[in-house]
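Asks: Below is the structure I would like to discuss, written out as structure tokens.
The values are calculated or read from the model by the stated rules, or taken from the named source; none is laboratory data. Since the model is a prediction, treat every value here as computed from it, not as a measurement. Note that each Cβ is placed from the backbone with ideal geometry, even for glycine, and that neighbours are counted across all protein chains shown. These area figures cover heavy atoms from the full protein model, side chains too; ligands, DNA and RNA do not enter into them. Shrake-Rupley method; radii C 1.70, N 1.55, O 1.52, S 1.80 Å.
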Amino acid sequence: MVKVICEIETDKATLEFESLEEGYLAKILAPDGSKDVAVGQPIAVTVENPDDIETVKTNFSGSMEVKEEILTHRDSKDDGREEKTSFTRISPSAKLLISEYGLDASSLKASGHHGTLLKSDVWAAIKSGKGSSRKSTPKDKAAPSQKGSQASTTALPESHPQRSDSFEDLPNTQIRKVIARRLLESKQTTPHLYLSTDVILDPLLSFRKELKEQHDIKVSVNDIVIKAVAIALRNVPEANAYWDAEKGEIILCDSVDISIAVDTEKGLMTPIVRNADEKSITSISSEVKQLAEKARAGKLAPNEFQGGTFSISNLGMYPVDQFAAIISPPQAGILAVGRGNKVVEPVLGSDGTERPAVVNKMNLTLSADHRVFDGKVGGAFLTALRSNFSDIRRLLL
């Protein structure tokens, strides 16, 4: 019987690690919350005979435990010196205060989550006088230059009366760190081209209502947007491409694979609807629901979030009218979808006369890699996309 031993968080997802052999877990070498565990490094010891468990516990020493202890000591260093502390983590601002005022870190008590020493803990120790000092503070060093001037020496707790200690430094997950690094790299290395257009939503909303009332089929606006984008990419293959930096060439993609931005507790994930141009709207709707559920649970397999050719980021469920998204390399394009708004504009009647009417409009903003998209390709893609929204039934062909 296959059993899950642990969950491993990579830079993309949280994966379950299963044991394929029967036995007993004798010793855990990588405790819960361990970071930077190298590939191939032992994380646990299993035995076939339960009588061997105690032997393993007393005799086996793993490298992970040594590494864990080293990391804990490294966090509590001050100017290269190791100290015995009551906390396991320390915020950057707290470390800076300890260094600035020469405090003995071993005398400080942590109040943050998971034993994190906060800036407020350091200030509390300073004000109460419990934070013993190893070296003279900046105030003490300045005092000898002002001979006989007692007014210039101020008590340490009163030197910064306006400092706030009402915040807390929260550690990021590995996924959020990777997202931050890649978004920064994208903005720094990818020349972003922005093109924006408005589309009328009424044909889409009527089609969606018809599916629900006549066929009892429920699909979201985003499901139809995915299909419309996929068909536009198929009709304009130059937009379904990426830039090969090594060759200095544009590479056209063979399939239309749409990455969908899904917000999770651990960060933004982008599961992929593969061959979206060949699938029905109902099939896309069902697949998106399953992928979003797996993304929020951290159960996406690598092939379900790697290798998309184009991305969609939809903030239409929020009061966001328009925004520009950041490209996710190596892809060359991402479409930002805003909310629908009612506006009044002239509409051509059956008699050929324009009259004011209320219509639902939605903004679409394309962020494209200018090395792949020039104005012609970007304009052709948005033109094809607008056509799909104006005649929504063409998506059924």
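Asks: Taking the Cβ of F207 as the center, what net charge do the other residues with Cβ under 12 Å away carry, scoring Lys and Arg +1 and Asp and Glu -1? Before the final figure, lay out each step's value.
Replies: Numbers: positive: R208, K209, K212, K227, R393, R394; negative: D202, E210, E213, D223, D391.
Result for the local shell: +1.
Asks: Taking the Cα centre of region 293-354 as the origin, how large is its charge dipole in debye, to the nearest 20, when only Lys and Arg (+1) and Asp and Glu (-1) carry charge on their Cβ atoms? It would help to have the intermediate numbers written out before the result.
Replies: On the way: 5 positive and 6 negative charges, 99 e Å.
Computed about the Cα centre, the dipole is about 480 debye.
Asks: Further, regarding this structure: Which of the GluC sites (Glu not before Pro) found in region 247-307 are loop residues per DSSP with 15 or fewer other Cβ atoms within 10 Å of their Cβ?
Replies: Numbers: sites: E249, E265, E278, E287, E293, E304; in loops: E265.
Loop-located and lightly packed - E265.
Asks: In addition: To the nearest 10 Å², what's H192's accessible area with a 1.4 Å probe?
Replies: Solvent-accessible area, nearest 10 Å²: 40 Å².
Asks: Separate question: With every protein chain present, what is the per residue accessible area of region 282-379 (1.4 Å probe, Å²)? Present the calculation step by step, with values, prior to reporting the outcome.
Replies: On the way: 4910 Å² over 98 residues.
Counting only protein heavy atoms, the per-residue value for region 282-379 is 50 Å².
Asks: Could I ask something else about it? Run the dipole for region 199-315 about the Cα centre, Lys and Arg Cβ at +1, Asp and Glu Cβ at -1, nothing else charged, and hand back the magnitude in debye, nearest 20.
Replies: With only Lys, Arg, Asp and Glu charged at Cβ, the dipole is about 420 debye.
Asks: If you count only protein heavy atoms and use a 1.4 Å probe, how large is the accessible surface of R234, to the nearest 10 Å²?
Replies: Around 110 Å² of this residue is reachable by solvent.
Asks: Counting Lys +1, Arg +1, Asp -1, Glu -1, what net charge surrounds I327 among other residues with beta carbon under 14 Å of its beta carbon? Let's see the in-between values first.
Replies: Details: positive: R182, K187, R371; negative: E185, D369.
My count for the surroundings of I327 gives +1.
Asks: Indicate the gyration tensor shape class of region 181-324 (rounded, prolate or oblate), computed on the Cα atoms with a ≥ b ≥ c the square roots of the eigenvalues: a/c under 1.5 is rounded; otherwise a/b larger than b/c is prolate and the rest oblate. Walk me through the numbers on the way to the answer.
Replies: On the way: a/c = 1.58, a/b = 1.40, b/c = 1.13.
It comes out prolate by the Cα gyration axes.
Asks: In square angstrom, rounded to the nearest 10, how much accessible surface does Y242 have for a 1.4 Å probe?
Replies: 80 Å²
Asks: Beyond 20 Å between alpha-carbons counts as too far, so tell me which of K3/K289; K266/K294; K212/K289; K266/K299 fall in that bin. Please list the in-between numbers first.
Replies: Values: K3/K289 27 Å; K266/K294 13 Å; K212/K289 17 Å; K266/K299 12 Å.
Table pairs above 20 Å Cα-Cα are K3/K289.
Asks: Something else: Could you work out the percent of alpha carbon pairs in region 259-387 separated by over 17 Å, rounded to a whole number? Present the calculation step by step, with values, prior to reporting the outcome.
Replies: Numbers: 5608 of 8256 pairs.
Percent of Cα pairs beyond 17 Å in region 259-387: 68.
Asks: Work from the charge dipole of region 203-358 (Cβ charges, +1 for Lys and Arg, -1 for Asp and Glu, about the Cα centre) and give the residue of G308, Y242, I281 farthest towards its positive end.
Replies: Most positive-ward Cα: I281.
Asks: So for K57, K119, K218, what's the accessible-area order with a 1.4 Å probe, most first? Could you put the intermediate results ahead of the total?
Replies: Working: K57 100, K119 30, K218 145 Å².
These residues rank, largest area first, as K218, K57, K119.
Asks: May I pose another question? Dipole of region 269-397, Cα-centred, from +1 at each Lys and Arg C-beta and -1 at each Asp and Glu C-beta, to the nearest 20 debye? Could the numbers behind the result be given before it?
Replies: On the way: 15 positive and 12 negative charges, 59 e Å.
Dipole size: approximately 280 debye.
Asks: Net charge around V344, counting only other residues with Cβ within less than 14 Å of its Cβ (Lys, Arg = +1; Asp, Glu = -1)? Don't jump to the answer; show the numbers that get you there.
Replies: Numbers: positive: K342, R355, K361; negative: D198, D202, E345, E354.
For residues surrounding V344, the net value is -1.
Asks: Continuing with the same structure: Quick check on region 198-279: take the gyration tensor over C-alpha atoms, sort the square-rooted eigenvalues as a ≥ b ≥ c, and tell me if it's rounded (a/c under 1.5), prolate or oblate.
Replies: On the way: a/c = 2.62, a/b = 1.68, b/c = 1.56.
Note, shape of region 198-279 comes out prolate.
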